[in-house]
1. If you count only protein heavy atoms and use a 1.4 Å probe, how large is the accessible surface of PHE32, to the nearest 10 Å²?
2. What is the sum of charges around LEU79, taking Lys and Arg as +1, Asp and Glu as -1, for the other residues whose C-beta is under 12 Å from the C-beta of LEU79?
3. Could you work out the local net charge near LEU20, counting Lys and Arg as +1, Asp and Glu as -1, over the other residues with Cβ closer than 14 Å to its Cβ?
4. Pick out which of LEU73, LEU57, LEU18 has the largest mean-square fluctuation in a Gaussian network model of the chain, springs linking Cα atoms closer than 10 Å.
5. Ignoring ligands, DNA and RNA, what percent of the accessible area of the range 29-93 is carbon or sulfur (1.4 Å)?
6. 5 Å is the cut-off here: which amide hydrogens, built 1.01 Å from N in the peptide plane, fall below it relative to ILE87, excluding neighbours closer than 5 in sequence?
7. Just the accessible area per residue of the chain, please: how many Å² with a 1.4 Å probe?
8. Once you list every other residue whose beta carbon is under 9 Å from the beta carbon of TYR3, what net charge do they have if Lys and Arg are +1 and Asp and Glu are -1?
Amino acid sequence: MLYKNILLIDDDIDDAELFLEVINSLKKEISFSYATDPLKALAELKISEKLSDLMFLDINMPCLNGLDLLNELQNDTKLRYIEVIVISSAPEDIIRKNLSTKKYEIGRYMRKLNNYNDFVDQMRTLL
């Protein structure tokens with residue numbers, strides 16, 4: 001699928017800047033934005049006329065964690081149609097196992113990679 005508008009919600013500014021660098025390196029026509037405050041991001045999404053095609057959502061954030069934010073998105077008649085990829089540094093099987101005991105449902109998951117080239121390859125495949 002071709003994504004034109006991508007939003008990252010992650011409280012770690014370094015991760016956000018890395019995402020931006022990687023997306024720019026792909027040389028695709030993608031509009032990328034990020035938010036480091038999940039509560040503010042949710043409020044802005046609710047009033048936004050133009051929504052993202054794809055959202056990367058970090059699990060571990062203060063104030064409102066990514067899973068609670070995902071729940072808010074899924075329960076909103078307007079925002080539920082944004083495609084969301086949950087991200088974390090933990091392996092997918094551990095995340096899914098922990099979430100299933102807490103009754104959270106996530107669709108797509110992407111592990112945050114530490115190696116820049118691997119991250120570029122991962123994003124190239126995805127986007």
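1. Roughly 30 Å² of PHE32 is accessible to a 1.4 Å probe.
2. With Lys, Arg at +1 and Asp, Glu at -1, the net is -1.
3. Every neighbour counted, the sum reads -4.
4. Ranking LEU73, LEU57, LEU18 by mean-square fluctuation puts LEU18 first.
5. Percent of accessible area from carbon and sulfur atoms in the range 29-93: 45.
6. Counting only residues 5 or more places away or on other chains, the set is LEU57, ASP58, ILE59, MET110.
7. Counting only protein heavy atoms, the per-residue value for the chain is 59 Å².
8. Within the 9 Å Cβ shell, the charges total 0.
The values are calculated or read from the model by the stated rules, or taken from the named source; none is laboratory data. Source: prediction; values computed, not measured. Counting neighbours? That spans all protein chains shown, and the Cβs are built from the backbone with ideal geometry, glycine included. We work out accessible area using only protein heavy atoms, side chains counted, and drop any ligands, DNA or RNA first. Shrake-Rupley method; radii C 1.70, N 1.55, O 1.52, S 1.80 Å.
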